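Working notes, structure below.
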Amino acid sequence: MTLLLKNVRLETGYLYDQAFVTATETKIVDVLIEDGKFVEIAPTIEASDAVVIDANKQLLVPSFKEMHIHIDKTYFGGEWKAPSPATEGIFTRLKEEATLLPKQLDVAEERAHAMVQHYIKNGHTHIRTHVNVDPHIETKHMDITKRVLESYEEQITYEIVAFPQHGLLRNGPAFLSIFEKALQMGATHIGGVDPALVDRNSGEVLKTTFDLAKKYDLAIDIHLHERNTLGEFQIYQILDEMKQRSFNKEVTLSHAFAFADLPQQALDNLIEQVAANHVGVTTTVPIGAAPITIPVKYMYDRGINVSFGHDSLIDHWSPFGSGDTIRKLNQFVQRFGYIDEWHIGQSLKYATGGLTPLTETGEQQWPKVGDAANALLVDAVSSAHLIARQCPISTVISKGTIIHEKEIELKGEFR
């Protein structure tokens, strides 16, 4: 498909008052897309065989990547239901899932479709989903999730984490056989959750996790909610496993609350080691009574690839997810007190896989000819404006094809 975007706004640099960025410079251009890539960017382009879209001076930004969601177990698309109090912490939820998830199997596929469609409408062209594999639903959720995501292969890319929500070892060797079957059903990652708390055996759980990752050539994404020195200890255990095995597949720590409440020197030592081993961190930017919001920019500036996810939209764990990453970015900049053009605009990278239209020093770096054409048209005049004012998306482009369009009232800089 050939797609010609006319009258597109691109960011070109920063305006400064001495050392401070005061605004983002932009220009209006035409953008030609062929075979899923940007092939020409110029003041005026003519292409007789192209589908032509007039952007009406809307801003082009990279599309979003949802790096942590559970599309397989949700109330989304169903009737309102608030979660019950978690009187036993995570074990309350595991007991609920033993009966809840089998009951939801009849609607799980329909709700998963609703979630994927919701994410597409909200500008996502990539989804990493965790999928329960447990003694109660076994591999049924893997079947459902794979079938759902395969139906969107022309529109988005995706990753599937086989996720032992109820523990890896505590349910015995019979469950391990079930889990290995799930790993062979299209998983890209092997997951894990709080091995010290859930399995009470973090060393053996991590050894088994890395063994399985090597056996099936999978990346790893482990949920760590444990805080302070226990969380720190488990992160170092993960790093030790990586070093001992020369493990070279991707490793992600989800949540990683320990980064939020360690003493400064311990935090700096941990960040240095995580960055040196190229381990990524995904966060929902959680807000709670305990110190659980990790220092995102501090970690990123010291070499850790930090990305955002929602974890859930609405389910038996939480009723608060939106799937709206612009809102998530807005909450992030408010949480950390970023009010200036530079800090707000550069925060876009946590939702796009590291892409921003401008480098930190203001050089234009996206889009370039040859880049994959995964992009959004938004009624904004800069990335900072988009995030601060939560400007709307009119067009979602994935692999060079428009996968969602919505008519919006264009207000530009006055939004």
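The values are calculated or read from the model by the stated rules, or taken from the named source; none is laboratory data. Bear in mind the structure is a predicted one, so any value in this text is a computation, not a measurement. Every residue, glycine among them, receives a Cβ derived from its backbone with ideal geometry; neighbour counts consider all protein chains shown. Please note that ligands, DNA and RNA were not included when accessible areas were found on the heavy atoms of the full protein model with its side chains. Shrake-Rupley method; radii C 1.70, N 1.55, O 1.52, S 1.80 Å.
If only Cα atoms are counted, what is the Rg of the range 1-142, and what is its Dmax, in Å?
Over the range 1-142's Cα set, Rg and Dmax evaluate to 23.0, 64 Å.
At 1.4 Å probe size, with the rest of the protein present, what percent of the exposed accessible area of the range 294-415 is carbon and sulfur atoms?
C and S fraction of accessible area: 48 percent.
Want the number for Q273 to R147: 0.36 nm per residue separation, take away the alpha-carbon distance, what's left?
Result for the pair: 41.5 nm of gain on full extension.
Suppose all protein chains stay in the model; what accessible area per residue would a 1.4 Å probe give for the range 1-96, in Å²?
That works out to 49 Å² for each residue.
Straight-line reach from K406: which lysines have a Cα under 22 Å away, not including same-chain ones fewer than 8 places off?
Within the straight-line cut-off, K406 pairs with K6, K57, K65, K121, K328.
May I ask for the net charge around A258, where only other residues with Cβ less than 10 Å from the Cβ of A258 are counted and Lys, Arg are +1 while Asp, Glu are -1?
Cβ neighbours under 10 Å give a net charge of -2.
Could you state the number of Å between the C-alpha centres of the range 390-414 and the range 12-51?
16
In Å³ and rounded to a whole number, note down the convex hull volume per residue for the Cα atoms of the range 255-345.
Convex hull of Cα atoms, per residue: 108 Å³.
Between A47 and Q244, what length comes free when the chain is fully extended (0.36 nm per residue of separation minus the Cα-Cα distance, one decimal in nm)?
Net length gain for the segment: 65.4 nm.
Which FRET efficiency, nearest 0.05, do E154 and Q265 yield, Cβ-Cβ r, R0 51 Å?
0.55
Consider just the alpha-carbon atoms of the range 166-248 and return their Rg together with their Dmax, both in angstrom.
12.3, 36
Compute the distribution of all C-alpha to C-alpha distances in the chain, in bins of 20 Å from 0, and list the percent of pairs in each, rounded to whole numbers.
26, 56, 18, 0
Report, to the nearest 10°, how far helix 325-335 tilts away from the longest principal axis of the Cα atoms in the chain, using its own Cα long axis and a range of 0 to 90°.
Roughly 80 degrees, rounded to the nearest 10.
Note down the net charge around T352, summing +1 for each Lys or Arg and -1 for each Asp or Glu among other residues with Cβ under 13 Å from its Cβ.
Once positives and negatives cancel, what remains is +1.
Å³ per residue of the Cα convex hull, for the range 12-77?
223
Relative to the present Cα-Cα distance, how much length would full extension add between I408 and E109 at 0.36 nm per residue of separation?
Additional length available on full extension: 104.6 nm.
Taking the solvent-accessible surface of protein heavy atoms with a 1.4 Å probe, what is the per residue accessible area of the range 163-263 in Å²?
39
Running Debye on the range 298-415 with equal point scatterers at the Cα sites and no solvent, what base-10 log of I(q)/I(0) appears at q = 0.17, 0.19, 0.20 Å⁻¹?
Log-scaled intensity ratios, in q order: -1.00, -1.23, -1.34.
So how many Å³ per residue does the convex hull of the Cα atoms of the range 143-200 work out to?
Each residue corresponds to 76 Å³ of Cα convex hull volume.
Please find the FRET efficiency linking V369 to F20, where r is the Cβ-Cβ separation and R0 is fixed at 30 Å, and quote it to the nearest 0.05.
After rounding to 0.05, the efficiency reads 0.40.
On C-alpha positions alone, give me the angle between the axis of helix 264-276 and the longest principal axis of the chain, in degrees, nearest 10.
80
If each of E138 and I28 carries a label point 7 Å out from its Cα toward its Cβ, how far apart are those two points in nm?
Once both label points are built, they end up 6.2 nm from each other.
When the accessible area of the range 111-160 is split by element with a 1.4 Å probe, what percent falls to carbon and sulfur?
41
Quick one: angle between helix 202-216 and the longest Cα principal axis of the chain, in degrees between 0 and 90, rounded to 10, please.
Relative to the chain, helix 202-216 is tipped by roughly 60 degrees.
Give the cross-link partners of K73 among the aspartates and glutamates, using a straight C-alpha distance below 17 Å as the criterion and excluding same-chain residues fewer than 8 apart.
E96, E97, D106, E109, E110, D134, E138, D143, E159, D311, D315
So what is the accessible area of the range 293-342 per residue, in Å², with the probe set to 1.4 Å?
41
Principal axis extents for the range 327-389, Cα atoms only, whole Å, descending order, please.
Rounded to whole Å, the extents work out to 36, 23, 21 Å.
Tell me the Kirkwood hydrodynamic radius of the range 201-255 in angstroms, computed as one over the mean inverse distance between distinct C-alpha pairs.
For the range 201-255, the Kirkwood estimate is 11.4 Å.
DSSP beta bridges in the chain, what fraction antiparallel, as a percent rounded to 5?
Antiparallel bridges: around 50 percent, rounded to the nearest 5.
Can you give the local net charge around E96? Use residues other than it whose beta-carbon is closer than 13 angstrom to its beta-carbon, Lys and Arg +1, Asp and Glu -1.
So the surrounding residues net to +1.
Run lengths n ≥ 4 of DSSP H only: what is the helix-derived mean residue ellipticity at 222 nm for the chain, with -39500 (n - 2.57) per run over all residues, to the nearest 500?
-10000 deg cm²/dmol
Setting aside same-chain residues fewer than 8 positions from K181, which lysines have a Cα under 19 Å from its Cα?
K140, K146, K207, K214, K215
Along the Cα→Cβ direction, 7 angstrom out, place labels at K81 and K37. What is the inter-label distance in nm?
4.8
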